[in-house]
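Enquirer: Have a look at the structure that comes next, please.
The values are calculated or read from the model by the stated rules, or taken from the named source; none is laboratory data. Bear in mind that the values here come from a model prediction, so they are computed numbers and not experimental data. Every residue, glycine among them, receives a Cβ derived from its backbone with ideal geometry; neighbour counts consider all protein chains shown. SASA here: full protein model, heavy atoms, side chains in, ligands and nucleic acids out. Shrake-Rupley method; radii C 1.70, N 1.55, O 1.52, S 1.80 Å.
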Amino acid sequence: MELSLGSLPFGLDFHPSDQLVAAALITGDLHLYRYNADSPPQKLLDLHAHEESCRAVRFVNGGQAMLTGSTDRSILATDVETGATIARLEDSHEDAIYSLINVTESTVASGDDQGCIKVWDTRQRTLCNSFDAHEEYVSDMTFAADAMKLLGTSGDGTLSVCNLRKNTVQTRSEFSEEELTSVVLMKNGRKVVCGSQSGTVLLYSWGYFKDCSDRFVGLSPNSVDALLKLDEDRVITGSENGLISLVGILPNRIIQPIAEHSEYPIESLVYHMIRC
């Protein structure tokens with residue numbers, strides 16, 4: 001499947017149970033498509049969700065709604081069926097929103113350009129936690145459910161660990177020499193894998209976050225902007241040069257290239273298992 005969106009997409013997300021994909025565009029627009037293997041994608045919604053760039057989108061509440069985060073500092077909830085606005089939280093952050101992830105079935109986390117991370121209850125529409133985790137933009141986040149800890153990466157070159165139970169920034173890594181751009185948990189939670197602007201992949205051991213335990217330096221000469229966990233041993237990487245690759249972790253190796261988007265950067269990677 002290939003879609004021409006007309007503008008640069010910053011965020012993508014698949015519906016949790018239906019064959020729908022949402023795209024957040026630099027224009028502030030939100031697109032929703034239905035897809036299947038036997039016919040061209042069908043555009044269901046084309047909304048001007050934000051006055052400024054729409055940087056992230058996530059399906060929430062079992063796929064009933066889509067949340068978008070924008071450089072205008074707002075978070076918008078949109079009904080999937082009708083495209084109607086459910087709620088708009090103006091000035092949700094003091095700075096532009098950069099990243100947005102699902103945490104649990106009813107909570108999401110947003111990160112802004114000044115390093116602040118917030119956790120929101122999507123059903124009660126309330127703020128649960130707020131962390132001054134970084135000094136620059138929050139590039140990506142992931143959630144360790146067993147430990148109730150939210151991990152974030154930043155343009156300041158650090159990895160943060162936020163404790164949701166205690167509402168504190170538990171620890172932050174030492175500053176690395178490059179911006180950290182993406183993060184996933186692997187090896188059954190024992191390893192934290194981070195992409196970087198230099199193309200190096202940094203590996204941290206769980207519980208030892210101050211400095212990385214390993215580096216994968218042969219992956220890409222360009223920034224690794226997106227990571228998508230496939231299983232506990234393999235991750236899909238998206239690079240600034242448009243290359244998407246399947247990569248093994250410990251042992252660190254490039255298994256095979258998957259696709260290439262000309263010379264345009266990979267802004268986001270998402271995965272959806274279609275059940276027959």
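Enquirer: Of the peptides 116-123, 30-37, how do they stack up when ordered by the mean number of other Cβ atoms within 10 Å, highest first?
Expert: Final packing ranking: 116-123, 30-37.
Enquirer: Over the chain, how many pairs of lysines fall under 22 Å by alpha carbon, counting only those 8 or more apart in sequence or from different chains?
Expert: Step by step, the pairs that qualify in the chain add up to 12.
Enquirer: Right, next: Expressed as a rounded percentage, what relative contact order does the range 22-74 have, with Cα pairs under 8 Å and six or more residues apart?
Expert: Across the range 22-74, relative contact order equals 33 percent.
Enquirer: Looking at the square roots a ≥ b ≥ c of the eigenvalues of the Cα gyration tensor of the range 1-101, which shape do they give, rounded for a/c under 1.5, prolate if a/b is larger than b/c, or oblate?
Expert: Because a/c hits 1.5 or more and a/b exceeds b/c, the range 1-101 counts as prolate.
Enquirer: Once phi is turned into ³J(HN,Hα) by the Karplus curve 6.51 cos²θ - 1.76 cosθ + 1.60 with θ = phi - 60°, what whole-Hz value does each residue of the range 235-252 show in order, with x for glycine and proline?
Expert: These are the phi-based 3J(HN,Hα) values: 9, 9, 10, x, 10, 4, 7, x, 8, 10, 10, 9, 10, x, 10, 6, x, 7 Hz.
Enquirer: Follow-up question, since we're still on this one. Find the relative contact order for the chain and round it to a whole percent, using C-alpha pairs within less than 8 Å whose residues are 6+ positions apart.
Expert: Worked out over the chain, it gives 9 percent.
Enquirer: Sticking with this one: What residues have an amide H closer than 5 Å to that of Leu44, excluding those fewer than 5 places away on the same chain, when H is modeled at 1.01 Å from N in the peptide plane?
Expert: When sequence neighbours closer than 5 places are left aside, the close amide H contacts are Leu32, Tyr33, Arg34.
Enquirer: Sort the chain into rounded, prolate or oblate with this rule: let a ≥ b ≥ c be the square roots of the eigenvalues of the Cα gyration tensor; rounded if a/c is under 1.5, and if a/c is not under 1.5, prolate when a/b is larger than b/c, oblate otherwise.
Expert: Judged from the Cα gyration tensor, the chain comes out oblate (a/c at least 1.5, b/c at or above a/b).
Enquirer: Tell me, what is the FRET efficiency for Ser7 and Asn252 to the nearest 0.05, using R0 = 51 angstrom and their Cβ-Cβ distance as r?
Expert: Efficiency computed from Cβ-Cβ geometry: 0.90.
Enquirer: For the chain, what % of the accessible area comes from carbon and sulfur atoms, probe 1.4 Å?
Expert: Ligands and nucleic acids excluded, carbon and sulfur reach 46 percent.
Enquirer: Still on this structure: Taking square-rooted eigenvalues a ≥ b ≥ c of the alpha carbon gyration tensor, is the range 169-209 rounded, prolate or oblate, where a/c under 1.5 means rounded and, failing that, a/b exceeding b/c means prolate?
Expert: Note, shape of the range 169-209 comes out oblate.
Enquirer: With a 10 Å radius around each residue's Cβ, average the other Cβ atoms per peptide and rank 94-100, 175-181, 193-199, highest first.
Expert: Result, highest mean Cβ count within 10 Å first: 193-199, 94-100, 175-181.
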